[in-house]
1. How many of the residues making up the range 198-219 are within 16 Å of ligand 2 (Cβ to nearest atom) and surrounded by fewer than 18 Cβ atoms within 10 Å (Cβ to Cβ)?
2. Search the range 148-173 for residues that are more than 18 Å from residue 111 (Cα to Cα) and pair each with any residue that is crowded, with 18+ Cβ neighbours inside 10 Å and modelled with pLDDT under 95 when their beta-carbon atoms are under 8 Å apart and the residues are at least 6 apart or on different chains.
3. Between 217, 143, which is over 18 Å from the mean Cα position of the chain (by Cα) and not in a helix (DSSP H, G or I)?
4. Could you check how many residues of the range 186-209 are touching a residue at least 12 places away in the same chain (Cβ under 8 Å), part of a helix (DSSP H, G or I) and more than 12 Å from ligand 1 (Cβ to nearest atom)?
5. Output the number of residues of the range 119-139 satisfying the condition of being part of a loop (DSSP other than H, G, I, E, B), away from ligand 1 (no atom under 14 Å from the Cβ) and closer than 25 Å to residue 196 by Cα.
6. Inside the range 116-140, can you point out the residues that are free of Cβ contacts under 8 Å to residues at least 60 places away in the same chain, under 15 Å from the mean Cα position of the chain (by Cα) and farther than 22 Å from residue 42 by Cα?
7. Mind telling me which of the residues 109, 146 ends up being within 16 Å of ligand 2 (Cβ to nearest atom) and loosely packed, with under 13 Cβ neighbours inside 10 Å?
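The values are calculated or read from the model by the stated rules, or taken from the named source; none is laboratory data. The structure presented is a predicted model; accordingly, all values stated were derived computationally and were not measured. We place every Cβ from the backbone using ideal geometry, glycine too, and count neighbours over all the protein chains shown.
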Ligand code: DX5
Ligand code: ZN
């Protein structure tokens, strides 16, 4: 099953509660929470307090994407009963194995994100430990960027690796996903689709979610 994780980075921050209620009503599966620190990426978004404020507004699980330096310092802050994944960047972790174990020890699934220029080979010794790999299809930092096509080849290679070494691993993609390219990436092996501006950026949010679900064979 393909899961849709709309990113609230592109939502109207003045009415985030309504936004998450809308995407839940329309059938989205996860809330993608983009945390940016202005160091690892050239932009600042929001932190754990904002995420936690949504707990009463939606029952959807949180899919936390930490685009921050030294993520170990902040992992606990993002652990709630609703947190399904915490994803850290391979490029931000000096001791990735330790960080993955730390996330799992708190009862949360561990994801590892790879920037567009980062090779899959950096996961040679982590692929069995991770619950999810997030393939970035834009350089992280901003919503609304253009999809980088080399991500498709990376997803295909990752699918092969997954089948050989960790079949329960999930493959997520993030950046520049829209109704025109979502089928291409899910055909390549993506199981969790992040979409920000194409859900919240234009038109009716609930209709956008439903169209995504229809494209990926959900409804
Ligand atoms: C990029 C973030 C993405 C972003 C996606 O740095 O990690 O999750 O919000 O936005 P779109 O779908 O607009 O590329
Ligand atoms: Zn993200």
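1. The total comes to 1.
2. Partner pairs satisfying both residue conditions: none exist.
3. 217
4. Looking only at that region, the number is 6.
5. Looking only at that region, the number is 3.
6. Residues satisfying the conditions are 130, 131, 133.
7. From the options 109, 146, the qualifying one is 146.
The rows are residues; the columns are (1) out of contact with any strand residue (DSSP E or B) (no Cβ under 7 Å at 6 or more places or on another chain); (2) surrounded by 15 or more Cβ atoms within 10 Å (Cβ to Cβ).
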residue: 10; (1), (2): yes, yes
residue: 19; (1), (2): yes, yes
residue: 26; (1), (2): yes, yes
residue: 30; (1), (2): no, yes
residue: 34; (1), (2): no, yes
residue: 38; (1), (2): no, no
residue: 44; (1), (2): no, no
residue: 53; (1), (2): yes, no
residue: 60; (1), (2): no, yes
